[in-house]
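K.L.:
Sharing a structure below in structure tokens format, with a few things to ask.
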Amino acid sequence: MNLDINQKTMILGIETSCDETAAAVVENGRIIRSNAVASQIDIHRRFGGVVPEVASRHHVDQITVVCEEAMAQSGVSWKDLDAIAVTQGPGLVGALLVGVNGAKALAFAHHLPLVPVHHITGHIYANRFVRELIFPLIAMVVSGGHTELVYMKEHGSYEVVGTTRDDAAGEAFDKVARTLGLPYPGGPEIDRLAADGKASIHFPRAWLEEGSLDFSFSGLKSAVINYLHNEAQRGNKISQEDVAASFQDSVAEVLVRKTMVAAERYHAKQILVAGGVSANSRVRSEMERAADVRNLPLTIPPLKLCTDNAAMIAAAGTIGYLKGMRADLTLNAHPNLPIEAF
Ligand code: KG4
Ligand code: ZN
């Protein structure tokens, strides 16, 4: 596929797949003109996780405000836009529907093309704000809903070469945090505690079959929960910091080693890490160390582009737009959308 990736573009991106209502304007796929995010984290915290019905309702409340804010901050007008890109999936269906319908209404009202975007491609393309992508590459997408190793031979080409067989990495962080009595989302809490702890407890690493690029985190999660129960039964006081550091080490080691195996197997010239868990300090430092040893360029987006946002959707949507991907007003949300069609 020969894309003119230097073509001038101005794209409005919209993201509502989970608990952030977000809209952003991105120029030429790499310049953020605006990036508005209304987070619902505080609302879901008291339930200990995202409540889908509540999420949908808040997206409905926020979608217009956030789109107007993104347009106002961008300094561009509707007629300057080339297209509207929206997350079609994967995600919570009720949440996705709000963004999809909002995007359809805006595209119809302003006579703009509508470009469907796969959420994971958005996380990957958040890296293009940091530096231009070099192909072939391996991207490790680790978030609350995903743990995916994606091989890209060129722009807009995605092949999943490894995925989780049970929990996503972020889900494991959130569940372990909950067992430790920490608030939602648990990832940042574990990260913070681990900074003061020692990785002195040995928790398992699930390597799976020889050569497998798949992941499994449910065994690790159970091992942590069992450890906590056993220690409590024996009346031993545990160090939350050490549990956090030991658990985090186990996750990071598996993520990093499998990413490096994939990079070697697919002769990658660059490694990308993306998704909420790439905010994790141990994952970041271990990825950096391993990539350094192999002399491979590694890119991880800045923290605020690691978690869900719409700038990344606009960036991935730019590639979709250049590829000629278009949706009409029958576009529907797809909670299990496969990546290969994008
Ligand atoms: O990408 P994201 O915002 O949403 C999804 O698409 O899922 O990722 C959210 C996930 C949550 O599970 C959260 O606990 C995790 O990312 N996370 C972290 C850190 N910051 C966020 N996990 C580990 N360490 C962190 N510093
Ligand atoms: Zn995400």
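The values are calculated or read from the model by the stated rules, or taken from the named source; none is laboratory data. Worth saying up front: this structure is predicted, and the values here are computed from it rather than measured. Because the Cβ atoms are built from the backbone with ideal geometry, glycine has one as well, and the counts that use them run over all protein chains shown. These accessible areas exclude ligands, DNA and RNA; they are computed on the full protein's heavy atoms, side chains included. Shrake-Rupley method; radii C 1.70, N 1.55, O 1.52, S 1.80 Å.
K.L.:
Please report the antiparallel percentage of the DSSP beta bridges confined to segment 134-300, to the nearest 5.
P.N.:
For segment 134-300, the DSSP antiparallel bridge percentage is about 55.
K.L.:
Further, regarding this structure: Tell me, how many Å apart are the Cα centres for segment 121-167 and for segment 41-108?
P.N.:
Segment 121-167 and segment 41-108 have Cα centres separated by 23 Å.
K.L.:
Taking 0.36 nm per intervening residue step and subtracting the Cα-Cα distance, what contour gain separates LEU303 from ASP61 on full extension?
P.N.:
On the way: separation 242, 0.36 × 242 = 87.12 nm, distance 2.60 nm.
Here the segment from LEU303 to ASP61 would lengthen by 84.5 nm.
K.L.:
Spelling out what I want: for every residue of segment 11-27, take phi, set θ = phi - 60°, compute 6.51 cos²θ - 1.76 cosθ + 1.60 (Karplus), and round to whole Hz; glycine and proline get x.
P.N.:
With the stated coefficients, segment 11-27 comes to 10, 8, x, 10, 9, 8, 6, 9, 10, 10, 9, 9, 9, 8, 10, 10, 9 Hz.
K.L.:
Over segment 134-300, with the other protein chains present, what is the accessible area per residue in square angstrom, probe 1.4 angstrom?
P.N.:
For segment 134-300, the per-residue accessible area is 42 Å².
K.L.:
Kindly work out what percent of the DSSP beta bridges joining two residues of segment 1-155 are antiparallel, to the nearest 5.
P.N.:
Of all bridge pairs located within segment 1-155, approximately 70 percent are antiparallel.
K.L.:
Over the residues of segment 134-300, compute the C-alpha Rg and express it relative to 2.2 N^0.38 Å.
P.N.:
Scaled against compact globular proteins, the figure is 1.04.
K.L.:
Please work out how much accessible surface MET1 shows to a 1.4 Å probe, ignoring ligands, DNA and RNA, in Å² rounded to 10.
P.N.:
The accessible area comes out at roughly 110 Å².
K.L.:
Okay, moving on. Kindly rank 206-213, 117-124 from highest to lowest mean number of other beta carbons found within 10 Å of each residue.
P.N.:
Values: 206-213: 12.4, 117-124: 27.8.
Highest mean packing first, the order is 117-124, 206-213.
K.L.:
Separation between the ARG45 and SER77 pseudo-spin-labels, each 7 Å from Cα along Cα→Cβ, expressed in nm?
P.N.:
Using points 7 Å along Cα→Cβ, the separation is 4.2 nm.
K.L.:
With the alpha-carbon atoms as the only input, what is the per residue convex hull volume for segment 1-77 in Å³?
P.N.:
111
K.L.:
Counting only residues 5 or more places away or on other chains, whose amide H sits under 5 Å from the amide H of GLY162 once H atoms are built in the peptide plane?
P.N.:
Long-range HN contacts for GLY162: LEU149.
K.L.:
Along the Cα→Cβ direction, 7 angstrom out, place labels at GLU159 and THR179. What is the inter-label distance in nm?
P.N.:
For the pair GLU159/THR179, the computed spacing is 3.7 nm.
K.L.:
Scan the chain and note any complete DSSP helix (H) whose C-alpha atoms cover at least 20 Å along its axis and whose Kyte-Doolittle average is 0.0 or more.
P.N.:
Span-like helices, by this rule, are 93-109.
K.L.:
Once the whole set of protein chains is in place, how much accessible area is left on ARG178, using a 1.4 Å probe, in Å² to the nearest 10?
P.N.:
For ARG178, solvent-accessible area is about 150 Å².
K.L.:
Turning to a different aspect of this structure: Let's see if you can work this out: charge +1 on each Lys and Arg Cβ, -1 on each Asp and Glu Cβ, no other charges. What is the dipole magnitude of segment 134-300 about its Cα centre, in debye to the nearest 20? If you can, show how the numbers build up before the last one.
P.N.:
Details: 18 positive and 22 negative charges, 33 e Å.
It comes to approximately 160 debye.
K.L.:
Still on this structure: Using a 1.4 Å probe over the heavy atoms of the protein chains, calculate the carbon and sulfur portion of the accessible area of the chain as a whole percent.
P.N.:
Values: 7190 of 14190 Å².
Heavy-atom surface of the chain belonging to carbon and sulfur, 1.4 Å probe: 51 percent.
K.L.:
Return the whole-Å distance between the Cα centroid of segment 1-39 and the Cα centroid of segment 304-338.
P.N.:
Result: 9 Å between the Cα centres.
K.L.:
Starting at the first residue of segment 199-213, write each ³J(HN,Hα) from the Karplus equation 6.51 cos²θ - 1.76 cosθ + 1.60 with θ = phi - 60°, in whole Hz, x for Gly and Pro.
P.N.:
Those phi angles translate into 7, 9, 9, 8, 9, x, 10, 8, 8, 6, 5, 3, x, 6, 9 Hz.
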